[in-house]
1. With the structure loaded, tell me whether A273 is away from ligand 2 (no atom under 16 Å from the Cβ) and touching a Leu at 6+ places or on another chain (Cβ under 6 Å) or whether it fails that test.
2. Considering only segment 1-27, state which residues are in a loop (DSSP other than H, G, I, E, B), of a type in the set (V, I, T) and surrounded by fewer than 23 Cβ atoms within 10 Å (Cβ to Cβ).
3. Among the listed residues G137, G149, G186, which satisfies the condition of being at positive phi and of a type outside the set (F, W, Y)?
4. Take A76 and decide whether it is in contact with a Ser or Thr (Cβ under 9 Å, 6 or more places away or on another chain) and within 16 Å of ligand 3 (Cβ to nearest atom).
5. Would you point out which residue out of E68, E53 is within 15 Å of ligand 4 (Cβ to nearest atom) and under 23 Å from V184 (Cβ atoms)?
6. Those residues that are of a type outside the set (S, T, N, Q), assigned to a loop (DSSP other than H, G, I, E, B), in contact with a strand residue (DSSP E or B) (Cβ under 8 Å, 6 or more places away or on another chain) and open to solvent by less than 60 Å² (accessible area, probe 1.4 Å), I need them from segment 265-285; list them, please.
7. Restricting the search to segment 114-130, which residues are surrounded by fewer than 17 Cβ atoms within 10 Å (Cβ to Cβ) and either hydrophobic (A, V, I, L, M, F, W, C) or within 25 Å of the chain's Cα centre (by Cα) (or both)?
8. I'd like to verify a number: residues in segment 245-264 that are under 24 Å from V285 (Cα atoms) and either more than 16 Å from ligand 4 (Cβ to nearest atom) or open to solvent by less than 50 Å² (accessible area, probe 1.4 Å) (or both), how many?
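The values are calculated or read from the model by the stated rules, or taken from the named source; none is laboratory data. It should be emphasised that the depicted structure is a prediction, and the values quoted were computed from it without experimental measurement. Methodologically, a virtual Cβ is constructed for each residue, glycine included, from the backbone with ideal geometry; neighbour enumeration extends over all protein chains shown. The accessibility values were calculated without ligands, DNA or RNA, using every heavy atom of the protein model including side chains. Shrake-Rupley method; radii C 1.70, N 1.55, O 1.52, S 1.80 Å.
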Amino acid sequence: MTAAEPVIDLHTHSTASDGTDTPTELVVAAREAGVDVLAITDHDTVAGWPEAEAAARHHGLVLVRGIEISTTWHHASIHLLGYLTDPDDVDLMGELTKARESRAKRLERMVALMADDGIPITYAEVLAQVAPGATPGRPHIADALIANGTIRHRDEAFREWLTNESPYYVKHYSPHPVRACELVRGAGGVPVLAHPFTRTRGETVTDALVEQMYAAGLAGLEAFHRDHGPSEVERALTLAGRLDLLVTGASDYHGAGKRNRLAEYTTTTEVFATIEAQASGATPVVRP
Ligand code: AMP
Ligand code: FE
Ligand code: FE
Ligand code: ZN
């Protein structure tokens, strides 16, 4: 009998961004879900790393420290996963700080527009939903609306009020996806394009853009993801095959904030080993 393959989930969120589990709760939930290798990939921050590392050591889970960088290309919001980047890299960290500061201002603007239109929400209520030091995002507006009894689930707020097409939508600063690939590589990390063909974020990427990202160091495509139907998976696999990119799969778990379940999609041992081998080692994989 051969040993069972480890379960590898390389895309999850904690309360350091818009997940609802603390980093410790995330690690515990992953353990309970049978995950052997977990990546914590909060939006635009590494704030969850220290707690996640301590929890991973305590609970005996292999931890990959990562981020999910929001980038902008034309009118599309494109998400880039960055694995094992150096948290002391000035260029990458400076860019993430700039993005988080812009996110706070943008959320305040969105709340003002919503309140002007009669939606019962204040910025103070939204801030009460953001953990100290966490990256603020639209889901925190939804959480404030849940807390004050206006809605019951984040989904309801995202149906019209919080979409990219909503009259209340305000952009925040974010780098170009090619620049983000350079920043992740410059910080010794490994960039993987998250859910490349998600339709819910306006435009999706073109093959030409992925080629430019590849030239800037892109390592892989997250082909297997809840937001992809069979045709999106096929398109990602074809493109990955042509450019010799790695193919990953992951849950994009957000705790109670989204329906995504841990390990609903996973990454193979070989691909995980390649990601680890491509990293500079500044931020090693945590092996308790
Ligand atoms: P932001 O980072 O502020 O642009 O907000 C985008 C985030 O909202 C994404 O990372 C998703 O996690 C979250 N999101 C998008 N659609 C939904 C939804 N229908 N339900 C819950 N969360 C969502
Ligand atoms: Fe999110
Ligand atoms: Fe994402
Ligand atoms: Zn994500």
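1. No; evaluated as a whole, the condition is false for this residue.
2. Answer for segment 1-27, where residues must be in a loop (DSSP other than H, G, I, E, B), of a type in the set (V, I, T) and surrounded by fewer than 23 Cβ atoms within 10 Å (Cβ to Cβ): T2, V7, T20, T22.
3. Among G137, G149, G186, only G149 is at positive phi and of a type outside the set (F, W, Y).
4. yes
5. After ruling out the rest, the residue left standing is E68.
6. A279, V285 - these are the residues of segment 265-285 that are of a type outside the set (S, T, N, Q), assigned to a loop (DSSP other than H, G, I, E, B), in contact with a strand residue (DSSP E or B) (Cβ under 8 Å, 6 or more places away or on another chain) and open to solvent by less than 60 Å² (accessible area, probe 1.4 Å).
7. A115, I119, A124, L127, A128
8. 13
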